[in-house]
Amino acid sequence: MAAKWLKDAVFYEIYPQSFCDSNGDGIGDINGIISKLDYIKELGCNALWINPCFDSPFKDAGYDVRDYKLVAPRYGTNEDLYRLFAVAHEKGIHVLLDLVPGHTSEEHAWFRQSQKEERNEYSDRYIWTDFWLHGAQGMPYIGGESERNACYVLNFFKCQPALNYGFLHPQESWQFSMNHPEPLKTREAMKDVMRFWLSHGCDGFRVDMANSLVKGDDEKKSGTSMIWRDVRRMLDLEFPDAAMVSEWSDPKNALRAGFDMDFYLNYGGVNGYCTLMRDYYYDEKHDASYFKKDSGGNINRFLGQYLDWYEDTKGLGYISLLTCNHDTTRPRFGLEPDELKLAYAFLFTMPGVPFLYYGDEIGMRFLDVPTKEGGYTRTGSRTPMQWNRGKNLGFSEADEKDIYLPVDPADDAPTAEDQLKDPGSLLNTVKRVLHLRHQEEDLQADAEFSVVCSEPGKPFVYRRGDLLLAVNPNSGEVHLELPDENRSVLFSIGSGEFTDGQLTVGPQSFLVLR
Ligand code: NOJ
């Protein structure tokens, strides 16, 4: 059972480097986040996911953790983070930190010890082979970097050695079984990290590469799932309100492994999620994203995958739809603000717990900038939040040349301040939708969902509890006969009506009907 507070939760993801710089050093910080909590609350978000803010050499933007229990000095101190928890809680905002359980930085003290030839407490904390010339059987590995006469397995970049959780069916002398005391110590060490932050006031974790713990023949993820169920038991006993969202994108497995939520990510080529708003990834000549006006996109490409997951996981936890995240291209890359209004209205009225990536609420652009801290093509989605028309668009008082990444140089770069003043802006539309979601239980995480009409050429119509919702992303008006319904428009973007058993949805419009 998922944590109760998630029913009405709407998350705001913050990339701390780029959100708000409170001390003028050119990089975002914890105090900057605290100063913007009212903005986030007024927007309609009542929960945060903060990307890793821990001590790190930042070769992968902080996903290479050097000390799990220490806030990176560039963001502030542990006390600042504890204060963030407290102030957020006063405002009714929950806070998830980012837990990176699959690997550490190569500069982590555990790894430094593990690299030594002489046996010590951390020798088996990572996955090592038994000889400097022995690779790791299909797993990426590094040799020649350590005094230790062995190679070590990687989890992602070269700077991220894989932690050792054991193997489901060990096949080599250097592979431990999952129940061996050494991999069990890794698991306990990760629980210890979780306890540390939870006991200081954090409300749970977004879990990085949650499916990556057990290597080798864990294709069905039964080994990895066993570990997470064990972690869940600990949380249920010690921190029953804690919530966990997995980077897994396989809710059938993730929710059964004890996660409260699993992200629906852009994995596996053209998947359902991509067909909503980023179909151009796969066919530049014909972007058939559903929310792109007159693209010929078909919502059934999304529903085909989503409905199977939804039906299979009902009652177990939530599928989390997101506007984007720090790894994906901003939705503004393919969609115009009027298209984004509909896309977001849809995402925020679906079942489960939605996530909004900072800056997507104003339609920030994906910028063409050089790679930073291992971002590569992801860097364009990680540029500073654009608050107002001031210096560096309100992000930082530092010199332009000293800021973490450049802000959007365009004259019409969107800013929060401008959009707050414009009733029809994307930002104010997001606000209206989110406020409606908080008002109407039928739009929240648990209320029933079913599809009424998904036929091309008609409005896409779906039910949430007793409410009926309709979307038309195209430029022509569309109609649907619904003789058994008796409804009035409760909320609209664009135009539409319900008269004499007929639903009309205007061009690029979204309706909620009661
Ligand atoms: C997924 C994170 O979202 C990404 O940013 C990171 O590079 C990898 N995991 C490795 O931790």
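The values are calculated or read from the model by the stated rules, or taken from the named source; none is laboratory data. Remember, predicted model here, so these are calculated numbers, not experimental data. Positions of Cβ are generated from backbone atoms using ideal geometry, with glycine treated the same way; all protein chains shown enter the neighbour counts. Ligands, DNA and RNA are excluded from the accessible area calculation, which covers all protein heavy atoms including side chains. Shrake-Rupley method; radii C 1.70, N 1.55, O 1.52, S 1.80 Å.
Past the 19 angstrom mark, what percentage of all C-alpha to C-alpha distances in region 328-404 do you count?
On the way: 1345 of 2926 pairs.
Value for region 328-404: 46 percent of Cα pairs lie more than 19 Å apart.
As a test of reading the structure, rank SER225, SER492 by solvent-accessible area (1.4 Å probe, protein chains only), most first. Walk me through the numbers before you get to the answer.
Details: SER225 5, SER492 40 Å².
From most exposed to least exposed: SER492, SER225.
Mind checking the full-extension length gain between HIS180 and THR377? Use 0.36 nm per residue of separation minus the Cα-Cα distance, one decimal, nm. Mind showing how you got there, number by number?
Working: separation 197, 0.36 × 197 = 70.92 nm, distance 3.99 nm.
Length gained, HIS180 through THR377: 66.9 nm.
What is the spin-label model distance, in nm, from ASP236 to LYS401 if the labels are put 7 Å beyond Cα along the C-beta direction?
Rounded to a tenth, the inter-label distance reads 5.9 nm.
Sort out for me the Cα centre separation of region 277-298 from region 102-122, rounded to whole Å.
47
When only C-alpha pairs under 8 Å and at least 6 residues apart count, what is the relative contact order of region 105-164, in percent?
Rounded, it is 33 percent for region 105-164.
Give the distance, in whole Å, between the Cα centre of region 158-226 and the Cα centre of region 446-472.
The two parts, judged by their Cα centres, are 40 Å apart.
What does the charge add up to near TYR404, with Lys and Arg as +1, Asp and Glu as -1, over the other residues with Cβ less than 11 Å from its Cβ?
Values: positive: ARG74, LYS372, ARG382; negative: ASP21, ASP25, ASP29, GLU373, ASP402.
Residues close to TYR404 contribute a combined charge of -2.
How large a share of the accessible area of region 448-513, in percent, is made up of carbon and sulfur atoms when the probe is 1.4 Å and the other protein chains stay in place?
Details: 1140 of 2820 Å².
Here carbon and sulfur together make up 41 percent of the probe-accessible area.
If you put +1 on each Lys and Arg Cβ and -1 on each Asp and Glu Cβ, how big is the dipole of the chain around its Cα centre, in Debye rounded to 20?
Details: 54 positive and 80 negative charges, 97 e Å.
That gives a dipole near 460 debye.
If you count only protein heavy atoms and use a 1.4 Å probe, how large is the accessible surface of HIS134, to the nearest 10 Å²?
That residue has around 80 Å² of solvent-accessible surface.
What does the net charge come to around GLN508 if you take all other residues with beta carbon closer than 11 Å to its beta carbon, with K and R at +1 and D and E at -1?
Working: positive: LYS292, LYS293, LYS341; negative: ASP294, GLU336, ASP338, GLU339, GLU477.
With Lys, Arg at +1 and Asp, Glu at -1, the neighbours total -2.
Can you send over the carbon and sulfur percentage of the accessible area for region 1-93, probe radius 1.4 Å, protein chains only? Let's see the in-between values first.
Details: 1520 of 2950 Å².
That fraction is 52 percent.
Just to confirm, what accessible area per residue do you get for the chain at 1.4 Å probe, in whole Å²? The partial results should precede the final answer.
Numbers: 19360 Å² over 514 residues.
For the chain, the per-residue accessible area is 38 Å².
Give me the angle, in degrees from 0 to 90, between the Cα long axis of helix 222-238 and the longest principal axis of the Cα atoms of the chain, rounded to the nearest 10.
For 222-238 against the chain, the angle is about 80 degrees.
Please state, to two decimals, what the Cα-based radius of gyration of region 448-513 comes to when divided by 2.2 N^0.38 Å (N = residues).
On the way: Rg = 10.5 Å, N = 66, 2.2 N^0.38 = 10.8 Å.
Normalised Rg, Cα atoms only: 0.97.
If you look at just the Cα atoms of region 277-423, how large are its Rg and its Dmax in Å?
17.0, 52
Taking just the alpha-carbon atoms of the chain, what radius of gyration and Dmax come out, in angstrom?
So, for the chain, Rg and Dmax equal 23.5, 82 Å respectively.
Using the Cα centre of the chain as origin and beta-carbon charges of +1 (Lys, Arg) and -1 (Asp, Glu), tell me which of PRO73, SER246, LEU316 is placed farthest towards the positive end of the dipole.
It is LEU316.
Could you calculate the contour length gain from ALA413 to ASP217, that is, 0.36 nm times the residue separation minus the distance between their Cα atoms, to one decimal place in nm?
Values: separation 196, 0.36 × 196 = 70.56 nm, distance 4.86 nm.
Contour length minus Cα-Cα distance gives 65.7 nm.
Which whole-number percent gives the relative contact order of region 448-513, counting Cα pairs below 8 Å spaced six or more residues apart? It would help to have the intermediate numbers written out before the result.
Values: 153 pairs, mean separation 20.4, N = 66.
31 percent.
Excluding same-chain residues fewer than 8 positions from LYS458, which lysines have a Cα within less than 18 Å of its Cα?
Cross-link targets: LYS292, LYS293.
Which one, LEU154, GLN113, TRP132, projects farthest toward the positive side of the charge dipole computed for region 105-164 from Cβ point charges (K/R +1, D/E -1)?
Going by the Cα projections, it comes out as LEU154.
On the Cα set of region 105-164, report Rg and Dmax in Å, please.
That works out to 10.1, 27 Å for Rg and Dmax.
Calculate what fraction, in whole %, of the accessible area of region 105-164 sits on carbon and sulfur atoms when a 1.4 Å probe is rolled over the protein chains.
Numbers: 1440 of 2890 Å².
Carbon and sulfur atoms account for 50 percent of the accessible area of region 105-164.
Mind jotting down the distance between the C-alpha centroids of region 346-406 and region 487-503, whole Å?
A separation of 36 Å, based on Cα centres.
To check you understand DSSP bridge types, tell me what percent of the beta bridges within the chain (both residues inside) are antiparallel, rounded to 5.
Numbers: 34 of 60 bridges.
Antiparallel bridges: around 55 percent, rounded to the nearest 5.
Going by the alpha-carbon gyration tensor, a ≥ b ≥ c the square roots of its eigenvalues, is region 352-468 rounded (a/c under 1.5) or, if a/c is not under 1.5, prolate (a/b greater than b/c) versus oblate?
Numbers: a/c = 2.63, a/b = 2.05, b/c = 1.28.
Cα axes put region 352-468 in the prolate bin.
Pull out a ≥ b ≥ c, the square roots of the eigenvalues of the alpha-carbon gyration tensor of region 1-156, then state rounded if a/c is under 1.5, prolate if not and a/b is larger than b/c, and oblate in the remaining case.
Numbers: a/c = 2.97, a/b = 2.18, b/c = 1.36.
Because a/c hits 1.5 or more and a/b exceeds b/c, region 1-156 counts as prolate.
Percent relative contact order of the chain, based on C-alpha pairs within less than 8 angstrom and at least six residues apart?
Working: 1135 pairs, mean separation 70.8, N = 514.
Relative contact order, the chain: 14 percent.
Below 13 angstrom from the Cβ of TRP128, what's the summed charge of the other residues (Lys, Arg +1; Asp, Glu -1)? Before the final figure, lay out each step's value.
Numbers: positive: LYS116, ARG119, ARG125, ARG148, LYS215; negative: GLU117, ASP124, ASP130, GLU145, GLU147, GLU172, GLU182.
My count for the surroundings of TRP128 gives -2.
For ASN300 paired with ILE142, estimate the spin-label separation in nm (one decimal), with each label point 7 Å from Cα along the Cα-to-Cβ line.
Distance between the two pseudo-spin positions: 5.0 nm.
Each label point is 7 Å from the Cα along the Cα-to-Cβ direction; what then is the distance between the points at SER35 and SER488, in nm?
According to this spin-label approximation, the distance is 4.6 nm.
Based on DSSP H runs of at least 4 residues, each adding -39500 (n - 2.57), what is the mean residue ellipticity at 222 nm of the chain after dividing by all its residues, to the nearest 500 deg cm²/dmol? Provide the component values of the computation, followed by the final result.
Values: 12 runs with 125 residues, N = 514.
After summing the helix terms and dividing by the residues of the chain, the value is -7000 deg cm²/dmol.
Would you mind working out the magnitude of the charge dipole of region 105-164 relative to its Cα centre, with +1 at each Lys and Arg C-beta and -1 at each Asp and Glu C-beta, to the nearest 20 Debye?
On the way: 6 positive and 9 negative charges, 22 e Å.
About 100 debye.
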